[in-house]
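Trainee: Input: one structure, supplied below.
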């Protein structure tokens, strides 16, 4: 099914006799795909409002991400949260949609400064599992008492409703960027350096650790970036190099899109953890290649795609640290015994089930997607 508009989508969901698999661009789904009728949202596209002066954009959920980014670039602006492109990592083609970005709460290394996708999202329209059209927040104000649906829909992966329209607050594009790098640091030394940088007044917008190299990004007006880069080098000590412009951007696209793992065999974990706990998690992993988006509190790990892909060891480690791990890529045999998403504590699982029962009482929207 590929409804042409919101009303057709409502009718399609209301008339569904079984489970539906919601597909935008087909680039961000995680885990095995259950057998279900495919419901595509790609026809729900188009930018309905862009007001550069108000820093606001509203678009249909099926609008290609590239179209949204091009419109914003024309106004000298951008989505604040640095959307990752994981098609290479996940072996997907197709074009990412802005609704898929919201459904996955897809966010990159700039989270340390700008927050995640959900923090820039100001309004949503969606159709719930009963076929009801719901509006919440921002430009589409009609609140449903008791729920902040804007936040709930970001990261729900289509299990609470099918997005039809999203509204964002956007930000100006910075004039320049620069990245400080230093090689040869072990995890403990890297954490110390990144912690010192992020605790400084120099507005670091990215901090990462890959193959012994620490990367620290600064963005803004040219004079400010030059001053803050120099001040940060003085604070951290000698042996720091500075990459600018295209070289700096390339360093961060590598972190954002997890390109070091593209084309390499193995299962891939996305581990969310307090940045200070990074060394402890790295020690728990064996035979692993890791990439640490430290500013965003993420570790990406490439491990052997066998048995449970180290799920038991990793999740036991995280149990005492308060983090969680998502298996974003694995073979069918691993997925057959290992949940893609981190098991929820009993209280949270009950709350999640209650929300799904409220918004999708028949359990037809992406069933099992986040189980």
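Trainee: Tell me, please, whether a residue that is free of Cβ contacts under 8 Å to residues at least 12 places away in the same chain and out of contact with any helix residue (DSSP H, G or I) (no Cβ under 9 Å at 6 or more places or on another chain) can be found in segment 93-112.
Mentor: No, because not a single residue in segment 93-112 is free of Cβ contacts under 8 Å to residues at least 12 places away in the same chain and out of contact with any helix residue (DSSP H, G or I) (no Cβ under 9 Å at 6 or more places or on another chain).
Trainee: Restricting to segment 144-170, name every residue that is surrounded by fewer than 18 Cβ atoms within 10 Å (Cβ to Cβ) and at pLDDT 95 or above.
Mentor: Of everything in segment 144-170, just one residue is surrounded by fewer than 18 Cβ atoms within 10 Å (Cβ to Cβ) and at pLDDT 95 or above, namely 169.
Trainee: Could I ask something else about it? If we scan segment 263-270, do we find a residue that is in a helix (DSSP H, G or I) and more than 18 Å from residue 334 (Cβ to Cβ)?
Mentor: Within segment 263-270, not a single residue is in a helix (DSSP H, G or I) and more than 18 Å from residue 334 (Cβ to Cβ).
Trainee: Just to be sure, is residue 208 under 11 Å from residue 181 (Cα atoms), crowded, with 19+ Cβ neighbours inside 10 Å and touching a helix residue (DSSP H, G or I) at 6+ places or on another chain (Cβ under 8 Å)?
Mentor: Spelling it out, residue 208 is indeed under 11 Å from residue 181 (Cα atoms), crowded, with 19+ Cβ neighbours inside 10 Å and touching a helix residue (DSSP H, G or I) at 6+ places or on another chain (Cβ under 8 Å).
Trainee: Restricting attention to segment 219-253, which residues are at negative phi, in contact with a strand residue (DSSP E or B) (Cβ under 6 Å, 6 or more places away or on another chain) and surrounded by fewer than 14 Cβ atoms within 10 Å (Cβ to Cβ)?
Mentor: Residues satisfying the conditions are 222, 241.
Trainee: Okay, next question. Within the bounds of segment 56-65, is there any residue that is surrounded by fewer than 17 Cβ atoms within 10 Å (Cβ to Cβ), touching a strand residue (DSSP E or B) at 6+ places or on another chain (Cβ under 7 Å) and assigned by TED's automatic domain parsing to the domain that holds residue 157?
Mentor: Checking segment 56-65: not a single residue is surrounded by fewer than 17 Cβ atoms within 10 Å (Cβ to Cβ), touching a strand residue (DSSP E or B) at 6+ places or on another chain (Cβ under 7 Å) and assigned by TED's automatic domain parsing to the domain that holds residue 157.
Trainee: Follow-up. Across segment 299-323, what is the number of residues that are farther than 22 Å from residue 107 by Cβ and either surrounded by 15 or more Cβ atoms within 10 Å (Cβ to Cβ) or in the same structural domain as residue 31 (by TED's automatic domain parsing) (or both)?
Mentor: Result for segment 299-323: 8.
Trainee: Something else about it: What number of residues within segment 115-133 are out of contact with any strand residue (DSSP E or B) (no Cβ under 7 Å at 6 or more places or on another chain) and either in a helix (DSSP H, G or I) or surrounded by fewer than 18 Cβ atoms within 10 Å (Cβ to Cβ) (or both)?
Mentor: Of the residues in that region, 7 qualify.
Trainee: Going through 10, 48 one at a time, which residue ends up being surrounded by fewer than 18 Cβ atoms within 10 Å (Cβ to Cβ), at pLDDT 95 or above and touching a strand residue (DSSP E or B) at 6+ places or on another chain (Cβ under 7 Å)?
Mentor: Residue meeting the stated conditions: 48.
The values are calculated or read from the model by the stated rules, or taken from the named source; none is laboratory data. Every value quoted in this text rests on a predicted model; they were computed, and no experiment measured them. Here the Cβ is made from the backbone with ideal geometry for all residues, glycine too, and neighbour counts use every protein chain on show.
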